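Working notes, beginning with the structure itself.
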Amino acid sequence: MSERRPLSADQIAEMVIDYIHREFAPSETGRISPEENVLTGGIVDSVGIVRLTAYLAKELEVEIPATDLVPSNFRSPRAMGEYLSGRIEVRDSAA
């Protein structure tokens, strides 16, 4: 297994923004900000959040427990970045 360089919360937030634009948001809406609430803003619906979390779990090689699927962890790209960088730290400390 190769050594992984952990991504920062900001890098993960950018990854989230890129995915959201590619999969959910038409280009004419403009780029969303890291703080934008994608849940209440109508950008990502409940099915979309499932797709997004599956993508992130696979790309970042982290487990996202069902108990962590709460709005505070996934309301914005920044919140996702902060939550997932913490999950990466847990994964790496257990290795």
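The values are calculated or read from the model by the stated rules, or taken from the named source; none is laboratory data. The structure displayed is predicted, hence computed values, not measured ones. Here the Cβ is made from the backbone with ideal geometry for all residues, glycine too, and neighbour counts use every protein chain on show.
When Ile64, Ile49 are checked against the criterion of being in contact with a Lys or Arg (Cβ under 8 Å, 6 or more places away or on another chain), surrounded by 15 or more Cβ atoms within 10 Å (Cβ to Cβ) and either more than 20 Å from Gln11 (Cβ to Cβ) or free of Cβ contacts under 8 Å to residues at least 60 places away in the same chain (or both), Ile64 stands alone in meeting it. Per the conditions (1) surrounded by 14 or more Cβ atoms within 10 Å (Cβ to Cβ); (2) within 21 Å of Ser85 (Cβ to Cβ), the sole criterion not satisfied by Glu59 is (1). Touching a Gly at 6+ places or on another chain (Cβ under 9 Å) and either basic (Lys, Arg) or surrounded by 12 or more Cβ atoms within 10 Å (Cβ to Cβ) (or both): is that true of Val38 in this structure? For Val38, the condition - touching a Gly at 6+ places or on another chain (Cβ under 9 Å) and either basic (Lys, Arg) or surrounded by 12 or more Cβ atoms within 10 Å (Cβ to Cβ) (or both) - is met. Which residue is surrounded by the most Cβ atoms within 10 Å (Cβ to Cβ), if the candidates are limited to the stretch 19-35 and must be modelled with pLDDT under 90 and among the polar types (S, T, N, Q)? Going through the qualifying residues, I end up with Thr29.
Condition check for Val16 on (1) modelled with pLDDT under 95; (2) of a type in the set (Val, Ile, Thr); (3) closer than 26 Å to Ser93 by Cβ: one failure, at (1).
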